[in-house]
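Colleague: Next up is a structure, given as structure tokens.
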Amino acid sequence: MTGNPSLVDTVESTQSREIFWDKDVYNLELERIFGRSWLFLGHESLLPKPGDFITTYMAEDKVILSHQPDGSFRAFINSCTHRGNQICHADSGNAKAFVCNYHGWVYGQDGSLVDVPLESRCYHGQLDKARLGAKHVRVETYKGFIFGCGDADAPSLEEYLGEFCWYLDTIWEGAGGGLELLGPPMKSILACNWKVPTENFVGDGYHVGWTHAGALHGIGGELAGLAGNRAEMPFEDLGLQFTTRHGHGFGVIDNAAPAIHVKRDGWAKYLADTRGEVLRKFGPERERLYVGHWNCSIFPSCSFLYGTNTFKVWHPRGPHEIEVWTYTMVPRDADRETKSIIQREASRSFGTAGTLESDDGENMSSATFVNRGNITRDGRMDSSMGVGFEGPHPVYPGIVGSSFIGETSHRGFYRFWKELLDAPNWDAVKANDSVWDSVFLNRDYW
Ligand code: UNU
Ligand code: FES
Ligand code: FE
């Protein structure tokens with residue numbers, strides 16, 4: 001499949017079904033997408049003290065993220081350099097050192113190899129411990145969110161997020177406190193390709209009124225009118241969609257941030273109390289975003305619903321399975337009661353057994369496994385909704401689509417997915433920085 005130009009057709013806005021099914025595509029993704037992108041590892045709030053650690057994944061690689069005595073964070077591959085055993089089996093904790101179960105090699109908080117049983121008697125002074133530390137990956141943080149990258153040539157995290165920082169600041173900095181994550185994450189296995197939920201969160205406003213019709217009807221509130229795609233909804237005027245360099249994107253529904261929250265005295269009240277400060281700090285365009293509901297993906301595999309406040313990582317497990325990790329996003333400076341209301345409401349809706357989460361799961365499996373069929377697999381998928389009704393905007397960075405219900409950010413996601421899959425290295429990607437948005441043809445839309 002390598003180099004197949006039709007995996008993604010950016011002119012016709014179609015994708016081959018092989019992107020959800022083919023094992024060669026998946027292996028190339030591990031190397032060229034996951035191996036070269038910044039991947040979400042954790043938030044400072046999950047490991048606040050020196051010595052605190054969490055174990056997580058970068059795609060299929062197990063990693064330890066560790067809070068250093070000097071306050072910085074380091075991440076290293078959770079596999080012993082002796083015979084390869086997994087070094088740490090705990091999900092999180094506080095540790096002075098990590099001791100491998102197999103033969104007892106000891107790694108420090110920074111991943112260096114500090115002690116080896118029977119070293120002088122059995123290795124005869126020949127073991128070079130300095131060269132046998134656990135393998136490091138790059139770690140950088142943005143507004144408390146910690147990311148790791150396995151490619152020394154990748155741009156900095158801030159360059160990788162690029163103009164998307166302008167959007168993230170609105171909520172990750174907010175009125176002053178910004179957002180943090182509550183863990184430990186809920187974890188579940190879902191039988192689907194990792195891109196199905198990523199594309200759903202990056203910009204699938206279309207499914208909300210249909211897939212979630214029953215749930216939205218039951219919850220009531222700001223989104224009840226979407227249930228069943230009822231004709232009286234102003235579909236052209238519900239919100240906007242955004243895509244920026246490197247495939248990040250989101251859709252916003254205006255004035256709907258806490259729509260999925262049945263209990264209104266927590267998050268809804270917090271937003272009402274803080275929106276004035278956001279208006280002063282960031283201006284009206286971003287205040288609009290602050291009080292809107294976002295479905296968002298940070299390329300490649302980290303997604304969140306701002307408003308609902310679930311934060312997800314889709315860890316790939318082969319082409320047809322993912323491990324879903326779900327955290328709750330809460331304002332750092334909110335009181336305990338507000339945080340716990342948000343956590344309950346988030347779990348009830350988009351937690352592992354959440355009402356809306358279960359609505360989506362079956363579609364995601366189905367969209368993956370139909371491609372078992374040899375004839376089916378040969379076909380294509382369409383993401384052409386709203387082509388031409390999008391373009392550069394006088395205020396909002398990137399490319400802006402005219403409605404929450406459109407596929408602008410799907411197109412942005414797959415355009416970059418294909419670019420990174422084909423690129424020999426990051427220099428080749430950087431060479432396209434000034435022309436990446438040329439496929440979004442309507443320069444005069446806004
Ligand atoms: O299912 C979703 N991605 C969603 C649900 C998006 C916006 C509102 C509710
Ligand atoms: Fe870790 Fe041998 S595999 S000490
Ligand atoms: Fe959904």
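Colleague: Run Asp169 past the list (1) away from ligand 1 (no atom under 16 Å from the Cβ); (2) out of contact with any strand residue (DSSP E or B) (no Cβ under 7 Å at 6 or more places or on another chain); (3) in a loop (DSSP other than H, G, I, E, B) and report the number of the one that doesn't hold.
Modeller: Answer for Asp169: the failing condition is (3).
Colleague: If you don't mind, there's one more thing I want to ask. For residues in segment 344-392 being aliphatic (A, V, I, L, M) and either part of a helix (DSSP H, G or I) or touching a Phe, Trp or Tyr at 6+ places or on another chain (Cβ under 6 Å) (or both), which is surrounded by the most Cβ atoms within 10 Å (Cβ to Cβ)?
Modeller: Only one residue fits best here, namely Ala346.
Colleague: Within the set of pairs 6 or more residues apart or between chains, which connect a residue that is within 13 Å of Ala191 (Cβ to Cβ) inside segment 354-373 to a residue that is of a type in the set (Gly, Ala, Ser) and away from ligand 1 (no atom under 16 Å from the Cβ) with Cβ atoms less than 6 Å apart?
Modeller: From segment 354-373, the pairs are Ser365/Ala191.
Colleague: Hey, can you tell me all the residues within segment 53-106 that are within 25 Å of Ile33 (Cβ to Cβ), small (Gly, Ala, Ser) and in contact with a strand residue (DSSP E or B) (Cβ under 6 Å, 6 or more places away or on another chain)?
Modeller: Residues satisfying the conditions are Ala59, Ala75.
Colleague: Continuing with this model, one more query. Could you say which residue among Arg83, Arg32, Arg74 is in a helix (DSSP H, G or I) and open to solvent by 10 Å² or more (accessible area, probe 1.4 Å)?
Modeller: Result of the check over Arg83, Arg32, Arg74: Arg32.
Condition check ((1) basic (Lys, Arg); (2) more than 16 Å from ligand 3 (Cβ to nearest atom)) across all residues:
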{"position": "Thr274", "(1), (2)": "no, yes"}
{"position": "Arg286", "(1), (2)": "yes, yes"}
{"position": "Cys302", "(1), (2)": "no, yes"}
{"position": "Lys312", "(1), (2)": "yes, no"}
{"position": "His320", "(1), (2)": "no, yes"}
{"position": "Tyr327", "(1), (2)": "no, yes"}
{"position": "Arg372", "(1), (2)": "yes, yes"}
{"position": "Thr376", "(1), (2)": "no, yes"}
{"position": "Gly379", "(1), (2)": "no, yes"}
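Colleague: List the number of the failed condition for Arg411; all other conditions in (1) farther than 16 Å from Ser6 by Cα; (2) part of a helix (DSSP H, G or I) hold.
Modeller: Single failed check for Arg411: (1).
Colleague: For Gly176, which of the numbered conditions (1) out of contact with any Lys or Arg (no Cβ under 9 Å at 6 or more places or on another chain); (2) over 25 Å from Arg415 (Cβ atoms); (3) surrounded by fewer than 19 Cβ atoms within 10 Å (Cβ to Cβ) fails to hold?
Modeller: (1)
Colleague: Which members of segment 115-142 meet the condition of being buried (at least 17 other Cβ atoms within 10 Å of the Cβ) and without any contact (Cβ under 8 Å) to a residue 40 or more places away in the chain?
Modeller: Val116, Tyr142, listed by residue number.
Colleague: Only residues that are free of Cβ contacts under 8 Å to residues at least 24 places away in the same chain and loosely packed, with under 14 Cβ neighbours inside 10 Å: list them for segment 229-247, please.
Modeller: Quick first cut of segment 229-247, residues free of Cβ contacts under 8 Å to residues at least 24 places away in the same chain only: 229-232, 234.
The answer is Arg230, Ala231, Glu232, Pro234.
Colleague: Considering only residues of segment 256-315 that are within 14 Å of ligand 1 (Cβ to nearest atom) and hydroxyl-bearing (Ser, Thr, Tyr), which is farthest from Tyr26 (Cα to Cα)?
Modeller: Looking at residues that are within 14 Å of ligand 1 (Cβ to nearest atom) and hydroxyl-bearing (Ser, Thr, Tyr), I get Thr308.
Colleague: Would you point out the residue of segment 402-446, among those that are open to solvent by less than 20 Å² (accessible area, probe 1.4 Å) and among the polar types (S, T, N, Q), that is nearest to Gly388 (Cα to Cα)?
Modeller: Filtering first and then ranking leaves Thr408.
Colleague: Of the residues Cys165, Cys149, which single one is open to solvent by less than 40 Å² (accessible area, probe 1.4 Å), closer than 30 Å to Ser112 by Cα and either within 16 Å of ligand 2 (Cβ to nearest atom) or not aromatic (Phe, Trp, Tyr) (or both)?
Modeller: Sole residue among the options that is open to solvent by less than 40 Å² (accessible area, probe 1.4 Å), closer than 30 Å to Ser112 by Cα and either within 16 Å of ligand 2 (Cβ to nearest atom) or not aromatic (Phe, Trp, Tyr) (or both): Cys149.
Colleague: Okay, next question. Using beta carbons and a limit of 8 Å, which pairs, at least six apart or on different chains, have the first residue in segment 260-284 and touching a residue at least 12 places away in the same chain (Cβ under 8 Å) and the second one within 16 Å of ligand 1 (Cβ to nearest atom) and open to solvent by 80 Å² or more (accessible area, probe 1.4 Å)?
Modeller: Sorted first by the residue in segment 260-284, then by its partner, the pairs are Val262/Arg348.
Colleague: Would a scan of segment 194-202 turn up a residue that is farther than 14 Å from Ser303 by Cβ and either in contact with a Ser or Thr (Cβ under 8 Å, 6 or more places away or on another chain) or part of a loop (DSSP other than H, G, I, E, B) (or both)?
Modeller: No: segment 194-202 contains no residue that is farther than 14 Å from Ser303 by Cβ and either in contact with a Ser or Thr (Cβ under 8 Å, 6 or more places away or on another chain) or part of a loop (DSSP other than H, G, I, E, B) (or both).
Colleague: Taking into account only those residues within segment 250-304 that are of a type in the set (D, E, K, R) and not in a helix (DSSP H, G or I), which is surrounded by the most Cβ atoms within 10 Å (Cβ to Cβ)? Steps first, please.
Modeller: Let us first name the residues in segment 250-304 that are of a type in the set (D, E, K, R), namely 254, 263-265, 269, 273, 275, 277, 280-281, 285-288.
Cutting the leftovers down to not in a helix (DSSP H, G or I) gives us 254, 263-265.
Numbers: Asp254: 17, Lys263: 14, Arg264: 13, Asp265: 11.
Checked segment 250-304; the qualifying residue surrounded by the most Cβ atoms within 10 Å (Cβ to Cβ) is Asp254.
Colleague: Among the residues of segment 215-223, is there at least one that is surrounded by fewer than 15 Cβ atoms within 10 Å (Cβ to Cβ) and away from ligand 3 (no atom under 16 Å from the Cβ)?
Modeller: Yes.
Colleague: In segment 306-324, how many residues are closer than 24 Å to Ile342 by Cβ and either part of a loop (DSSP other than H, G, I, E, B) or touching a helix residue (DSSP H, G or I) at 6+ places or on another chain (Cβ under 6 Å) (or both)?
Modeller: So the answer is 6.
The values are calculated or read from the model by the stated rules, or taken from the named source; none is laboratory data. Just so we're clear, the structure is a prediction, and the values are computed from it rather than from any experiment. Glycine gets a Cβ as well: all are built from the backbone with ideal geometry, and neighbour counts include every protein chain shown. Just so you know, the surface numbers come from the protein's heavy atoms only, side chains and all, with ligands and any DNA or RNA stripped out. Shrake-Rupley method; radii C 1.70, N 1.55, O 1.52, S 1.80 Å.
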